[in-house]
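What follows is a single structure, written as structure tokens, with notes after it.
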Amino acid sequence: MTQKSRRVRKAVLPAAGLGTRFLPATKAQPKEMLPVVDKPLIQYVVEECLASGIENIIIVTGRGKNAIEDHFDNAPELERFLENKGKTDQVEMVRSISNMVHFSYTRQKEPLGLGHAVLTARELVGDEPFAVLLGDVIIRGPCPATRQIAEVYEETGIGTIAVEPVPAERTHLYGVIDAQPAEPSRWGQRLLRVRNLVEKPQPGKAPSNLAVTGRYVLPPEVFDCLERTSPGSGGEIQLTDALRLMAREHGLCALAYEGKSYDAGDKLGFLKATVEIALENSEFGEDFRAYLRGLKL
Ligand code: UTP
């Protein structure tokens, strides 16, 4: 495969899940649209795509998820209203959201699992490598996590997933990898070869403390692995099961990426993301810090 054809230009953002961990907020509203400070969750993910060189974003939506499409579309009435009021900064901000990148949408008719959601994007991805970013995970750090794993793929041609260390007593909340050191490379010990993946292992049974974080760069061969994956836990087609096949048949790398993730589809993760992002806000971050300091905790 040539260097050019390894370039990662497309990203799939699965956003068709029911968001049951965030009920009742997600009863009639997509969890990906919950605002973290002043932007919906999924906008952070789209911005990570942009900063990672992605040119085409494919969002997998489902019933009740129209607000996502509206958010990344033009809003002529709103733009006109703001223009008439002379609010040019806000007009620019609203416009820039719809002009960010090329969006396409595909619908997952039923939420049959993350693996099934990725498979739904097969036609739109075609025969090229692509990134997958979970629509409810925010990652912040010096270099976008998707760019970090895309660089591994572009150099090695091997599908790569982002992992991060988690405390031993929390492994049952994640997919955890069983891995060995990769060939020597510029990533040193941060780059591993995946032998196996275990979904939510009980403490003491986990093969490592490295959890799958919600960012993947995969070759198109993963679609065949997904086609051959039967429904697993909860009757859903799990991406983890297809990745296990990938690791065995085509190889799979894991990169302990540099950065910090927030599972904002979970109430506590959402609160942590909100507080940390608010503290860095140039407009009110200092006031917010002073407010937090003043709380009698
Ligand atoms: P999650 O497991 O976090 O999403 O999947 P969920 O099922 O909506 O959440 P809970 O557990 O009920 O609270 C990670 C991402 O994959 C998408 C979700 O929208 C989320 O962004 N997803 C999940 C799909 O697109 N389709 C599915 O069938 C399942």
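Numbers for the structure displayed
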{"quantity": "Of the criteria (1) at pLDDT below 95; (2) in contact with a Lys or Arg (Cβ under 6 Å, 6 or more places away or on another chain); (3) of a type in the set (A, V, I, L, M), which one Leu133 fails", "calculated": "(1)"}
{"quantity": "Flag for Val8 being at pLDDT 95 or above and more than 19 Å from Ala121 (Cβ to Cβ)", "calculated": "no"}
{"quantity": "Hits in the range 49-66 - residues which are touching a Pro at 6+ places or on another chain (Cβ under 6 Å), more than 16 Å from Gly265 (Cβ to Cβ) and either within 15 Å of the ligand (Cβ to nearest atom) or part of a helix (DSSP H, G or I) (or both)", "calculated": "Ala51"}
{"quantity": "Single residue of the range 94-122 satisfying the filter (modelled with pLDDT under 85 and not in a loop (DSSP other than H, G, I, E, B)) that is farthest from the ligand (Cβ to nearest atom)", "calculated": "Arg95"}
{"quantity": "Criterion: of a type in the set (A, V, I, L, M, F, W, C) and without any contact (Cβ under 8 Å) to a residue 24 or more places away in the chain - qualifying residue of Phe130, Phe103, Phe81", "calculated": "Phe81"}
{"quantity": "Qualifying residues in the range 248-264 (those that are surrounded by fewer than 23 Cβ atoms within 10 Å (Cβ to Cβ) and small (Gly, Ala, Ser)) - the one farthest from Val163 (Cα to Cα)", "calculated": "Gly251"}
{"quantity": "Any chance Thr229 is among the polar types (S, T, N, Q), part of a helix (DSSP H, G or I) and farther than 20 Å from Cys143 by Cα", "calculated": "no"}
{"quantity": "Restricting the range 123-142 to residues that are assigned to a loop (DSSP other than H, G, I, E, B) and within 12 Å of the ligand (Cβ to nearest atom), the residue that is surrounded by the most Cβ atoms within 10 Å (Cβ to Cβ)", "calculated": "Gly135"}
{"quantity": "Selection count, the range 11-48, where residues are basic (Lys, Arg) and either within 11 Å of the ligand (Cβ to nearest atom) or in contact (Cβ under 8 Å) with a residue 60 or more places away in the chain (or both)", "calculated": "2"}
{"quantity": "Residue in the range 263-289 that is farthest from Pro40 (Cα to Cα), counting only those that are in contact with a helix residue (DSSP H, G or I) (Cβ under 9 Å, 6 or more places away or on another chain), in a helix (DSSP H, G or I) and of a type in the set (A, V, I, L, M, F, W, C)", "calculated": "Phe288"}
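Yes/no matrix, rows are residues, columns are (1) of a type in the set (Ser, Thr, Tyr); (2) farther than 20 Å from Val45 by Cα:
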position	(1), (2)
Glu69	no, no
Lys87	no, yes
Val94	no, no
Tyr105	yes, no
Glu123	no, yes
Ala131	no, no
Ile138	no, no
Glu151	no, no
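The values are calculated or read from the model by the stated rules, or taken from the named source; none is laboratory data. Keep in mind that this is a model prediction, so the values were computed, not measured. Cβ sites come from the backbone with ideal geometry, for glycine too, and all protein chains shown count toward neighbours.
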